[in-house]
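In what follows, a structure is listed as structure tokens, so that the remarks can point back to it.
The values are calculated or read from the model by the stated rules, or taken from the named source; none is laboratory data. What you see is a predicted model; the values in this text were computed from it and never measured. Glycine gets a Cβ as well: all are built from the backbone with ideal geometry, and neighbour counts include every protein chain shown.
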Amino acid sequence: MGLAIPGTTLLLVGRADLMIYAVFGSVTGMYGRSPHRGQRLRDQLLAGGMLLGAGFGGILAAPLGLRSWSLVLVSVGCAVASLVIADRFALRPHGAFFPLFAFGALATLPGHDQPDLAGLAAYALAVLVSLLLGQLGRCSGQQAPVPIPTWTYTARHASSYGLVVLLAGAAGILFGFEHLQWVLAGAVVPLAAGNARGRVRRAAHRVAGTVAGLGVLLVLFELHLNQPALGIAVILLMFPTEAYMTRNYGLALSFFTPLIMLMLDLAAPGTSSQQLWERAGGNLLGVTAGLVGSWIVDPRRRVLETAS
């Protein structure tokens, strides 16, 4: 519902092109799954603030035309800052994937000579709706307490994220990928796992989910849907994405991949099959860089020190 309300509103006023902003804002609802409303509000306020910072940064950066190393370096800062927030406040889903991808996708949207204020409003509205729904809804089950790491551990962890994003960006530039944001976002996916086996499994889920998602996307493209129909498809795909993101990552990505491809096509119509395959290739390169980088610098080889 976090996307259904603002998304349907955008479709009714004829602004399907703003769906990308509503999607990233509605990600706030994936955080804060505690059965206790107070804890849920605290987590979602923190997550919403983190996502707003990343999204607004991307919107403000869009007119600057960040590309190549400028995009990589700013993305490193976004990944590090997001990881520090996620670590220090034990936010789940863990990691920097969503804020990093929100920043990269919005910062590289074409055709923006000035910040998109309508997009900014749609983004903020989606965050607000998610916060309100979070207080109205119920989350069943008990959430195990998450230990808060020390600042020393957080600094090491954030440094590893920054290094991996930098490595992935360098690889993307070396191989001539135009859409670097896919490489950068893919790189941080394996890092959310706690050990080497988990990182490989998460990377495999990412690749398998992306491939399955591309299959779904190609079917949707063959239907030649108009913009309102594509917008409805984005809204519908968000439901299983949110439902499975913390349960079955690979399955969630099989829905999330076509969702993000469709919302990008709504924001900048005319996506070609070549661009689709390039984005998939960038994702694969990013995941590979993430695995390699995690083996180079891995703070989890040390014992996790928790704050008293």
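Taking region 64-93 as the range and being small (Gly, Ala, Ser), within 24 Å of THR152 (Cα to Cα) and surrounded by fewer than 19 Cβ atoms within 10 Å (Cβ to Cβ) as the test, the residues that pass are GLY77, ALA90. Would you check if ALA168 is farther than 16 Å from LEU46 by Cα, part of a helix (DSSP H, G or I) and touching a Leu at 6+ places or on another chain (Cβ under 9 Å)? It is true that ALA168 is farther than 16 Å from LEU46 by Cα, part of a helix (DSSP H, G or I) and touching a Leu at 6+ places or on another chain (Cβ under 9 Å). Take the residues in region 91-138 that are among the β-branched types (Val, Ile, Thr) and assigned to a helix (DSSP H, G or I), then tell me which one is nearest to ALA62 (Cα to Cα). Across region 91-138, the extreme among qualifying residues is VAL127. Residues in region 57-90 that are aliphatic (A, V, I, L, M), under 28 Å from ALA118 (Cβ atoms) and part of a helix (DSSP H, G or I): ILE59, LEU60, ALA61, ALA62, LEU64, LEU71, VAL74, ALA79, ALA81, ILE85.
Of all the numbered requirements in (1) more than 24 Å from LEU12 (Cα to Cα); (2) of a type in the set (D, E, K, R); (3) modelled with pLDDT of 80 or more, ARG206 misses one, and that requirement is (3).
Those residues that are among the hydrophobic types (A, V, I, L, M, F, W, C) and buried (at least 19 other Cβ atoms within 10 Å of the Cβ), I need them from region 27-63; list them, please.
Listed by number, the residues that qualify are VAL27, MET30, LEU46, ALA47, MET50, LEU51, LEU52, ALA54, ILE59, ALA61, ALA62.
Comparison of ALA79, ALA96 shows that the only residue that is modelled with pLDDT of 95 or more, at negative phi and in contact with a Leu (Cβ under 9 Å, 6 or more places away or on another chain) is ALA79. The residue list ARG33, ARG40 contains one member that is basic (Lys, Arg), part of a helix (DSSP H, G or I) and in contact (Cβ under 8 Å) with a residue 24 or more places away in the chain, which is ARG40. Counting only residues that are small (Gly, Ala, Ser) and surrounded by fewer than 22 Cβ atoms within 10 Å (Cβ to Cβ), which one in region 210-235 is nearest to ALA289 (Cα to Cα)? The selected residue is ALA212. Taking the conditions exactly as written (out of contact with any Lys or Arg (no Cβ under 9 Å at 6 or more places or on another chain), closer than 18 Å to ALA122 by Cβ and crowded, with 21+ Cβ neighbours inside 10 Å), does PHE24 satisfy them or not? So PHE24 passes the test. Counting only residues that are hydrophobic (A, V, I, L, M, F, W, C), at pLDDT below 85 and crowded, with 18+ Cβ neighbours inside 10 Å, region 277-294 holds 1 of them.
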